[in-house]
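J.: Following this message is one structure expressed as structure tokens.
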Amino acid sequence: MRGLRDGALVLGLESSCDETAAAVLRADGTILSEAVLSQLADHAPFGGVVPEIAARAHLAHLPALVRRVLAEAGTGPEGLAAVAATAGPGLIGGLLVGATLGKGIAAARGIPYLAVNHLEAHALTPRLPGVHPGGLGFPYLLLLLSGGHCQCVAVEGVGRHRRLGSTLDDAVGEAFDKSAKLLGLPWPGGPHLERLAATGDAARFPLPRPLLGRAGCDFSFSGLKTAVAQVVAKGLDEAGRADLAASFQASVAAVLADRARHALAMLPAATALVVAGGVAANGAVRAALGAVAARAGLPLVAPPVRLCTDNAVMVAWAGIERLRAGLVDGLDHAPRPRWPLESLAG
Ligand code: KG4
Ligand code: ZN
């Protein structure tokens, strides 16, 4: 498959958490069709993702979504050259749905199946042509900032990733969501908190900045969340809520910038600082990281939000990169709820 033709079509499937997604890409990275069904409304009454509900929703919606993206790409299963599905890490019920469907199509058509690591899919997204002019070369530094993941990774090649740091407690998106909940905002609270913060005074509450200045690039957010809870417990008026949101966001942005600075020093050959995951949508976070990158003379690469949050384009693209590297997986590949990036064989 090293000779994968540029025109070959690859189907990508994503079902590791609460987004059901499918996409068809040409091997040259052209996106022919993409669709994401969010299960937000299904989980919102519970204030978080319910694994059983997620698995059933993937099962109910993924097959029709695949038919839709194939039709939009002007093809059928017979036009595919390969199928890539997220095989971990994530919720096992959803992983089984996507991986089994992917294997089924691959078996029926006699084409390669790629078991994609969800974190590697995020990690390789900035190499999609169109995301960065000329395509991003290895190595680069990736900050993966989402509701479930918070880590800093040296991306050195396909299947070659070194985790430089990760959260000691909450993920950064989780910190946004928990603080937003304390402020009485709906779940998931990140975007709501950002809107509230826009009218607030970030200097009003001197919140902690966990691990700031500490060696390495681990993260910690639970102390910050506790500090938010303590301020809320004293009682807040409307302006106070906005000020607290702004103060929280400023703390997070300052901490992330500090951690990124340390990480860049750990990877002197980096060609770029890349930010991905839902929190990458946050304007204050982007601005703070942009300043760090600029000071290091590097570009900050932030893929468009639809490619930063969970999607199937990134899964198809990771499959294409793996095929090009001569990798393919057997139909006996078992999905892995826990699957650290560093354990990928090159
Ligand atoms: O990557 P993602 O869509 O899903 C996973 O967690 O895998 O990330 C979702 C997280 C949630 O915690 C959400 O509150 C946060 O990203 N988020 C934001 C913003 N948009 C989404 N956090 C802060 N500011 C935002 N604008
Ligand atoms: Zn993700």
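The values are calculated or read from the model by the stated rules, or taken from the named source; none is laboratory data. Treat the numbers as computed from the prediction; the structure is a model and nothing was measured. Note: areas computed on protein heavy atoms with side chains; ligands, DNA, RNA excluded. Shrake-Rupley method; radii C 1.70, N 1.55, O 1.52, S 1.80 Å.
J.: Using only alpha carbon pairs under 8 Å that are at least six residues apart, calculate the relative contact order of the stretch 139-302 and give it in whole percent.
T.: 29
J.: If you don't mind, another one. If you count only protein heavy atoms with a 1.4 Å probe, what accessible area per residue comes out for the chain, rounded to a whole Å²?
T.: Value returned for the chain: 39 Å² of accessible area per residue.
J.: I would also like to ask the following. For the chain, list log₁₀ I(q)/I(0) at each q in 0.06, 0.07, 0.08 Å⁻¹, using the Debye formula over Cα point scatterers of equal strength and ignoring solvent, two decimals each.
T.: -0.21, -0.29, -0.38
J.: Antiparallel DSSP bridges in the chain: what percent, to the nearest 5?
T.: The answer is about 60 percent antiparallel.
J.: If you don't mind, another one. Take the solvent-accessible surface of the protein heavy atoms, probe 1.4 Å, and return the percent of it on the stretch 94-225 that carbon and sulfur atoms account for.
T.: Reported share for carbon and sulfur atoms: 54 percent.
J.: Roughly speaking, to the nearest percent, how much of the stretch 237-340's 1.4 Å accessible area is carbon and sulfur?
T.: Summing carbon and sulfur atoms, their accessible area is 60 percent of the total for the stretch 237-340.
J.: A further question follows. May I ask for the angle, rounded to the nearest 10°, between helix 222-233 and the longest principal axis of the chain, with both axes built from Cα atoms and the value confined to 0 to 90°?
T.: With rounding to tens, the tilt is 50 degrees.
J.: Let me ask another. Cut-off 10 angstrom, C-alpha nodes, Gaussian network model of the chain. Which of 235, 326, 283 fluctuates the most?
T.: The residue that fluctuates most here is 235.
J.: Please build a GNM for the chain, connecting alpha carbons under 10 Å apart, and tell me which residue among 253, 312, 269 fluctuates the most.
T.: 269
J.: Can you count the Lys pairs in the chain with C-alpha separation below 25 Å, eight or more apart or on different chains?
T.: Pairs that pass both the separation and distance tests number 5.
J.: Report, in degrees rounded to the nearest 10, the 0 to 90 angle that the Cα long axis of helix 172-182 makes with the longest principal axis of the chain.
T.: It is inclined by approximately 50 degrees.
J.: How compact and how long is the stretch 208-346, expressed as Rg and Dmax of its alpha-carbon atoms in Å?
T.: 19.0, 60
J.: Right, next: Using the Kirkwood formula over every pair of different C-alpha atoms, what hydrodynamic radius in Å results for the stretch 108-159?
T.: Kirkwood hydrodynamic radius for the stretch 108-159: 12.6 Å.
J.: Something else about it: Quick check: the angle from helix 92-109's long axis to the longest principal axis of the chain, C-alpha only, nearest 10 degrees?
T.: 20
J.: Another question, if that's okay. List the relative contact order of the chain as a percent without decimals, with contacts defined as Cα pairs under 8 Å and 6+ residues apart.
T.: Relative contact order for the chain comes out at 24 percent.
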